[in-house]
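> Pasting a structure here, questions to come.
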Amino acid sequence: MFRRPLLGLTEIAWRWSFGLAATAMLGFTVREYLATLPVTAGEMLLLRTRQPALIAQALARIVQGSAPRAAAALVVVTLALIVAWIVLASFGRAATLRTLLEYFRDSGHAQVGGGYTLPISAIRGLTSLLALNSLRAATMLAAAVGVVGAALVARATSSPDDPSPGKVLLIFWMFTMLIGLAWPLLNWYLSLAAIFAVRDGASALGALAKATELSRTRPGALAAAATWFGIAHAIVFAVASSAAAVPLGFAGVLPGDMVFGGMLLVTLLYFAVVDFLYVGRLASYVFLLEEPEPETTAVAFVPSDDDILSDVPGLVPPFETAGG
C-alpha cells in the first residue's frame, strides 16, 4: 500500500468513477420521473402550506398511479448499473492484479519452477473476470431477493386475528442472519478466484476450484490476513464515525451547506482509506501465492568416536521374529 500508492489510486479511480456515474444516473432518473408527474394548482397550494399532514396528502395525490412507471425505471436503471459495474470492475481488477503480480515477481518473491514465469497479458483472464463478476452481481441480487422473501415469510406467520410481532421479528432476523453469513462468504470466494483468473488464465469454474483449494491448504494465512485488515477497517470506521460527529455538533451554529460538506469530506476520506486497505488485503493474498515455498534441509548424521552401536542409524539389523 505504501510502496505502490498508485494501486490504491487506481482502485479509487474505477470505484469512484462508477459511484459518480451511478449517482448521476439515479439523479437523472428521479428528475425525469418527477417531471412526468402532473401537479395541479390545488396540490401546489397544499405543498406551500408547510403543514406535514397537508404535504403528505398532496404527495400521495401526485404519485398516485405512477408506481408502474417508477418500478419500470428502477428495473432499467438497476440492470444498466449492474452491467456497467461488471465491465468496469473486470477491467479494474485485471489492471490491479496484473500490477501486483509483476511487483512480487520483480521483487524476487515469485515461485521458480512452478510454471508461473510467463509474462502476464493485460487481457489475460478477462473473460473469466467478467463471469466471476457476473456471479458476484447475481449473488448480490439473490441476497436482496432473499431479504425481501424473508420479510414476506415472516409477515405470513402473523395474521390480524392473531398478531405475533415477536415471532415475525425472530423469523425475519434468522433468515437475514443466514443470508448475511452466506452472501459475504460467496462474495469472498469469488473475489479470491479473480486472482487465479489473471494469474493462471483459468476459467471461472477453474479459478473457483483453485480458490477453494487455497482456502483448504492455507486457511491460517488467509484468516490472518482477513483478520488484520478487518481490524484495521474497524478502526478506520470508528475514527471516521467520531470525525463525522464534529460537523454534526456544529449543526446549530454553522450553515447547513458547511455541515453537509464536512460530512461529505469525512465520508470520502473514509472510502479512500478503505479502498487502500482492500488493495493491501488483495496484495497479501497474491503474496501467499507468489512467495517461494520454504525449503526443508535434511540433517546429516556425522559419526564420532564416542558413538556406540545404537547411536549410529542403519548399523543395527532389524529385529526378526521367530517365524522369520
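The values are calculated or read from the model by the stated rules, or taken from the named source; none is laboratory data. The shown structure was predicted, so the numbers you read here are calculated from the model rather than taken from an experiment. A quick note on method: Cβ atoms are made from the backbone with ideal geometry, for glycine too, and the neighbour counts reach across all protein chains shown.
> Among the charged types (D, E, K, R) and at pLDDT below 70: is that true of Arg98 in this structure?
On the way: among the charged types (D, E, K, R): yes; at pLDDT below 70: no.
Considered against the rule, which asks whether it is among the charged types (D, E, K, R) and at pLDDT below 70, Arg98 comes out as no.
> Yes or no: Phe91 modelled with pLDDT of 85 or more, surrounded by 15 or more Cβ atoms within 10 Å (Cβ to Cβ), among the aromatic types (Phe, Trp, Tyr) and outside any loop (DSSP other than H, G, I, E, B)? Show your work before the answer.
Working: modelled with pLDDT of 85 or more: yes; surrounded by 15 or more Cβ atoms within 10 Å (Cβ to Cβ): yes; among the aromatic types (Phe, Trp, Tyr): yes; outside any loop (DSSP other than H, G, I, E, B): yes.
Yes, satisfied.
> With the checklist (1) under 27 Å from the mean Cα position of the chain (by Cα); (2) exposed (fewer than 14 other Cβ atoms within 10 Å of the Cβ) in hand, flag the one item Val198 doesn't pass.
Status for Val198: all satisfied but (2).
> Now a separate question. Looking only at segment 62-86, how many residues end up being in a loop (DSSP other than H, G, I, E, B) and closer than 27 Å to Leu130 by Cα? Outline the logic, then answer.
Applying the first criterion (in a loop (DSSP other than H, G, I, E, B)) to segment 62-86 yields 63-66.
When the remaining residues are screened for being closer than 27 Å to Leu130 by Cα, the result is none.
Matching residues across segment 62-86 total 0.
> Might you check whether a residue that is farther than 22 Å from Leu6 by Cβ, in contact (Cβ under 8 Å) with a residue 12 or more places away in the chain and surrounded by 12 or more Cβ atoms within 10 Å (Cβ to Cβ) occurs anywhere in segment 269-285?
Kept after step one, since they are farther than 22 Å from Leu6 by Cβ, are these residues of segment 269-285: none.
No: segment 269-285 contains no residue that is farther than 22 Å from Leu6 by Cβ, in contact (Cβ under 8 Å) with a residue 12 or more places away in the chain and surrounded by 12 or more Cβ atoms within 10 Å (Cβ to Cβ).
> Looking at this structure, is Gly261 assigned to a helix (DSSP H, G or I), outside the structural domain of Leu141 (by TED's automatic domain parsing) and not aliphatic (A, V, I, L, M)?
Details: assigned to a helix (DSSP H, G or I): yes; outside the structural domain of Leu141 (by TED's automatic domain parsing): yes; not aliphatic (A, V, I, L, M): yes.
Considered against the rule, which asks whether it is assigned to a helix (DSSP H, G or I), outside the structural domain of Leu141 (by TED's automatic domain parsing) and not aliphatic (A, V, I, L, M), Gly261 comes out as yes.
> Among the residues of segment 162-173, which ones are in a helix (DSSP H, G or I) and more than 15 Å from Ala144 (Cα to Cα)? Break it down into steps so the answer makes sense when it comes.
Looking only at segment 162-173, we keep the residues that are in a helix (DSSP H, G or I), and these are 165-173.
If the condition is that a residue be in a helix (DSSP H, G or I) and more than 15 Å from Ala144 (Cα to Cα), then Pro165, Gly166, Lys167, Val168, Leu169, Leu170, Ile171 are the ones that fit.
> Being touching an Asp or Glu at 6+ places or on another chain (Cβ under 7 Å), at pLDDT 90 or above and either within 17 Å of Gly8 (Cα to Cα) or among the hydroxyl-bearing types (Ser, Thr, Tyr) (or both) is true for just one of Tyr270, Tyr278, Tyr285. Which residue is that?
Numbers: Tyr270 fails: touching an Asp or Glu at 6+ places or on another chain (Cβ under 7 Å); Tyr285 fails: touching an Asp or Glu at 6+ places or on another chain (Cβ under 7 Å).
Unique residue meeting the criteria: Tyr278.
> Next question. Gly125 passes all but one of (1) surrounded by 19 or more Cβ atoms within 10 Å (Cβ to Cβ); (2) at pLDDT below 85; (3) more than 30 Å from Leu289 (Cα to Cα); which number fails?
Among (1) surrounded by 19 or more Cβ atoms within 10 Å (Cβ to Cβ); (2) at pLDDT below 85; (3) more than 30 Å from Leu289 (Cα to Cα), the lone unmet condition for Gly125 is (3).
> Quick one: which residue in Arg31, Arg50 is among the basic types (Lys, Arg), exposed (fewer than 11 other Cβ atoms within 10 Å of the Cβ) and under 28 Å from Thr267 (Cα atoms)?
Values: Arg50 fails: under 28 Å from Thr267 (Cα atoms).
Exactly one residue qualifies, and that residue is Arg31.
> What about Phe2, is it modelled with pLDDT of 90 or more and either within 30 Å of Ser90 (Cα to Cα) or not assigned by TED's automatic domain parsing to the domain that holds Ser90 (or both)?
Details: modelled with pLDDT of 90 or more: no; either within 30 Å of Ser90 (Cα to Cα) or not assigned by TED's automatic domain parsing to the domain that holds Ser90 (or both): yes.
No, not satisfied.
> Which of the following residues is modelled with pLDDT under 80 and surrounded by 14 or more Cβ atoms within 10 Å (Cβ to Cβ): Ile62, Ile55, Ile86? Working first, answer last.
Numbers: Ile55 fails: modelled with pLDDT under 80; Ile86 fails: modelled with pLDDT under 80.
Only one candidate qualifies: Ile62.
> Whether any residue in segment 238-258 is hydrophobic (A, V, I, L, M, F, W, C), under 28 Å from Leu6 (Cβ atoms), surrounded by 12 or more Cβ atoms within 10 Å (Cβ to Cβ) and at pLDDT 90 or above is what I want to check.
yes
> Just name the residue that is surrounded by the most Cβ atoms within 10 Å (Cβ to Cβ) out of those in segment 144-165 that are over 15 Å from Thr78 (Cα atoms) and of a type in the set (A, V, I, L, M). It would help to see each step written out before you state the result.
Taking segment 144-165 and keeping what is over 15 Å from Thr78 (Cα atoms), we get 146-165.
Retained after the next criterion (residues that are of a type in the set (A, V, I, L, M)): 147-148, 150-154, 156.
On the way: Val147: 16, Val148: 10, Ala150: 19, Ala151: 15, Leu152: 10, Val153: 13, Ala154: 21, Ala156: 10.
Top of the filtered list is Ala154.
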